[in-house]
Each structure stands twice: as C-alpha cells, then as structure tokens.
C-alpha cells in the first residue's frame, strides 16, 4: 500500500478529509489504522493527502481510510445507485432480471459493526432493510465470509477499487459508491436467493442413471423429452442442459426439475397450474411436430425414414427397434 495516498484520517476520533484540515502537523490527525500522527501535505504540485510523520507507511492505513471515506460519503449523500438484481441458476437455464438498477434513499450508515462475528466494511440502512457494502482494495470477500453472509441472509455489495493502483480522489470514490458503477456488484442478494428458493421448492430432485459411458438419463421425464419403448426419459447432456425446466444441475448424477409443475420463469408462479401445463404441452407438441417436418424423430432425435406399410408409406425412426416412433405421411 506504499503507493496509495491517504485522503481520510481521524481527528478527535472522527473521520475527516484532507481537504478539511490545516496543512502539516497542524491538521491534528492520526492514521485510522495504526494511530500514528499524520502530516497533511497540501502543496500545489501533488494531490493533497496525509503522510505518516515518521516517513514510513502503514499496511492497512489506505484501506481503512477508504472505509472511513465511504461511510462519510454514503452518510452525506443520503442516496445511492444499486445494481440490477439478477436471478441466476446453477444450470444452463437463462437468468432473469428481478429489478433494474435503481436509486435508493439511505436512512443511515454504520462502519464495521459486528454481526455475530461477521464484520462488514459499511452497513447501509435503507427502507427498513440493511445492506452490507464491502470495499475491495486488496482482498475480495473470501468463501468463508461469503458463507457467513449467506447464513445471515443480508444483501451484500462489493465495490472493486483494486484497479486503482496509485491514487483515488474523493470525487472518484464518490462516483464509485453512489453512481451506476461497473465496479459495483452483488456478491449476495437476499431477494434473488428468495426467488431461487421458490424455484427449488417447486422442483423435483431427479437422479440420473448411467446407461453407457457417455449416456446419463433421467427416467420418467415429465415433459417426455424422449421415449424408449413407451417409457419417457431425458438425456442429461442433450436435453436437460437446454431445458427451460432444469433449475439446478449436478452433472452428471442429478438435476432439479420443475417440469412436473411447468414453471420456467418467475411469471409462471402467477399462472394456474392447469393453464401452465396445457400451454406447455401445446408448445412441446408444436416443437415435436416441427422436428418431424424437418425429418427428425421427436423421441430420440435420429433421422426419420420412409417405410412401406399396409396402408401406404409411413415415417419411422431409423433407430428402430430401440425407438418405435412412427408417423403417418412421407418425407418432403
């Protein structure tokens, strides 16, 4: 941290900006990390900053000063932008936007409070809820801390300042904290987790069966992705990966599937189940009919061939006798 310049310090136990104090030792400030006396350097050629009176540096002084600055900026601003909240799945299912980026009103902020051993950099209270803000300078939120955040179920923003290798001004920090900055991201969001849990609660856990070296199947697929000798199933790789009802996937052994209830997106929770199933069946039937028109078996995906029958030609699967799909008509 030797190249970073402190812009905030402590004076009489309270955070203060270098722009608000007298020059030199008259500033009466100390390092927020090590407590050493600071000198305010406010010349005309270099950016105003604090320096340790001894001429040395402090490993955590810069980072701690940014935390102090963040608190002052957030407390003074009363408003800040928060990023979009995205519902993401642990499968290949498409994500959904829960809410767009928006401005929130800040009620109050606290610095490094202890929540049962969990100490966030800044706590923001807004609209009756609290949110953690983590300032990433040298260390990101590690997995252990993230697990504690999940257990506490508190939405947490991380603001990445690690790319600022030398100097960050108060103005730049203010924009990163309050604006719609790409350096600001949710590490955990309680609303997104609540939506994900709704999908998981509506899903069935289905164990895959290994039938060959590369074939893992889900028996009794609720949407009948494939059929073999009258028994519906799905191929994990070819079907589940692209299925809108595959919420969670632990390849290759298990999937969580909402196909039975036909819930594929957030809006589906507001649609009666009978209607969801009917509309889904119609869509699936149309998709399978399109495969037949294109010359492919809707049961297994193999090429259809024309076969002579008692009443003329019909279409049959080239994978017969393993697949017994047939359809009236001829190839175009």
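Rule-based calculations on the coordinates, nothing more; no lab input. These numbers come from a predicted model, not from an experiment.
Data table
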| item | result |
| --- | --- |
| Contact order relative to length of the chain, as percent, for alpha carbon pairs under 8 angstrom and 6 or more apart | 11 |
| Alpha-carbon centroids, the range 253-292 and the range 1-80: separation in whole Å | 58 |
| Global form of the range 202-291, assessed from the alpha-carbon gyration tensor, a/c cut-off 1.5 | oblate |
| Listed residues 311, 160, 210, most fluctuating in the chain (Gaussian network, C-alpha, under 10 Å) | 311 |
| For the range 78-192: rounded, prolate or oblate by the Cα gyration tensor [a/c cutoff 1.5] | rounded |
| Three-way shape call for the range 217-263 based on the alpha-carbon gyration tensor, with the a/c threshold at 1.5 | oblate |
| Relative contact order (%) - the range 158-237, alpha-carbon pairs under 8 angstrom, separation at least six | 18 |
| Net lengthening on full extension, residue 98/residue 278 (0.36 nm per residue, minus Cα-Cα) | 62.2 nm |
| Overall Cα dimensions of the range 145-248, principal axis frame, Å, largest first | 70, 27, 23 |
| Part-to-part distance (alpha-carbon centres) for the range 298-330 and the range 140-213, which is given in Å | 50 |
| GNM result for the chain, Cα springs below 10 Å: residue of 12, 268, 219 fluctuating most strongly | 12 |
| Extended-chain gain in nm, criterion 0.36 nm per residue less alpha-carbon gap, residue 22 and residue 271 | 83.1 nm |
| Percentage of interatomic Cα-Cα distances in the chain larger than 27 Å | 61 |
| Computed helical MRE - 222 nm, the chain, DSSP H runs ≥ 4 contributing -39500 (n - 2.57), nearest 500 | -6500 deg cm²/dmol |
